[in-house]
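These notes concern the structure reproduced below.
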Amino acid sequence: MKKLLLFTLLIGIKAQAQELEGGAGGGFSINGQPTDNMVYKGDQSVMNYSLNMRLLYTTKNLWQIGLESHMHELSSKSSKKYGGFINGYRLIDSIGGDDKKLVYAKNAVNLTAVINKRFDFNEGASYAYIGAAIGVGFARNNSKNYAANESYNGPDGGRGLTYGAQLGYAANVSGNIGIYLEAAMRYYTFDYKNAGAPQIWVNPQVLKYSIMAFPITFGLRYTFHKVPGSAYGTYNKTNRRYYENKRYNKGKY
């Protein structure tokens, strides 16, 4: 019985392909509210822009490993009116309660290592995936400039750990070109070493908060390299045979 299960597993592995693909896309993002000593908290979600880039390698047993990056805005609106402050460049009379955005980061950027489990359909012509991510995040902003629809602009320079999950669907359009749709969750922990927390007048503290974001992106993908499952046991252009175990790939046959 054990031999039969092992044989079935190996047959399943040999039916799969190895791929190296890259992708880029855009979409929208929404986010939750900041925690800790960020006093300005919204109670209305705002739809913001989102950009995505990724580079993924698919193994023979359909695990994807690689790098992924998002850039999107972190902002919301507040029906509550907060007191203002001097941000070093201008006097802010009040914040919130004016149907304008509280912008925590105009450009929140993350770079994460990802691992996905891939599920193929139609012999790899399309696939779904689900996985996890961990990496670093950066909050970039220009608190000197306020747009007409902005009530608060957070400071520049936040950085910290980022982690989360993603799920998506990808399909081929031609031999090397395809599309993908991904919904992700990214949890940021930002620490601002050179910016103080607003509205804390006694015993000032550096600004520190966590926030959740949900970027959804649609993009194009390109397959740089692919070894189909049917290639195993055959020879490539350099007369090297494809085997499941790399130790058999050292010589020419």
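The values are calculated or read from the model by the stated rules, or taken from the named source; none is laboratory data. Note that this is a predicted model, so its numbers are computed, not measured. Note: ideal-geometry Cβ built from the backbone for every residue, glycine included; neighbour counts use all protein chains shown.
At a glance:
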| read-out | value |
| --- | --- |
| Test: residue in segment 230-252 that is surrounded by 12 or more Cβ atoms within 10 Å (Cβ to Cβ) and modelled with pLDDT of 90 or more | no |
| Tabulated pairs, segment 197-214, first in contact (Cβ under 8 Å) with a residue 40 or more places away in the chain and more than 11 Å from G160 (Cβ to Cβ), second charged (D, E, K, R) and assigned to a loop (DSSP other than H, G, I, E, B), C-beta under 9 angstrom, 6+ apart or interchain | A197/D36; L207/D36 |
| Matching residues in segment 128-149 - criterion: being surrounded by 17 or more Cβ atoms within 10 Å (Cβ to Cβ) and in a strand (DSSP E or B) | Y129, G131, A133, G135, G137, F138, A139 |
| Some residue of segment 55-73 being basic (K, R), within 30 Å of Q205 (Cα to Cα) and modelled with pLDDT under 95 | no |
| Identity of the residue in segment 110-127, under 11 Å from the mean Cα position of the chain (by Cα) and hydrophobic (A, V, I, L, M, F, W, C), that ends up surrounded by the most Cβ atoms within 10 Å (Cβ to Cβ) | V114 |
| Among the candidates N52, N31, residue that is buried (at least 19 other Cβ atoms within 10 Å of the Cβ), in contact with a Leu (Cβ under 7 Å, 6 or more places away or on another chain) and modelled with pLDDT of 95 or more | N31 |
| Unmet requirement for A139, which otherwise passes all of (1) without any contact (Cβ under 8 Å) to a residue 60 or more places away in the chain; (2) within 21 Å of P34 (Cα to Cα); (3) in contact with a Lys or Arg (Cβ under 9 Å, 6 or more places away or on another chain) | (1) |
| Residue satisfying all of: in segment 173-210; in a loop (DSSP other than H, G, I, E, B) and of a type outside the set (A, V, I, L, M, F, W, C); surrounded by the most Cβ atoms within 10 Å (Cβ to Cβ) among these | P198 |
| Residue among G42, G83 that alone is out of contact with any Gly (no Cβ under 7 Å at 6 or more places or on another chain), at pLDDT below 95 and under 21 Å from M185 (Cβ atoms) | G42 |
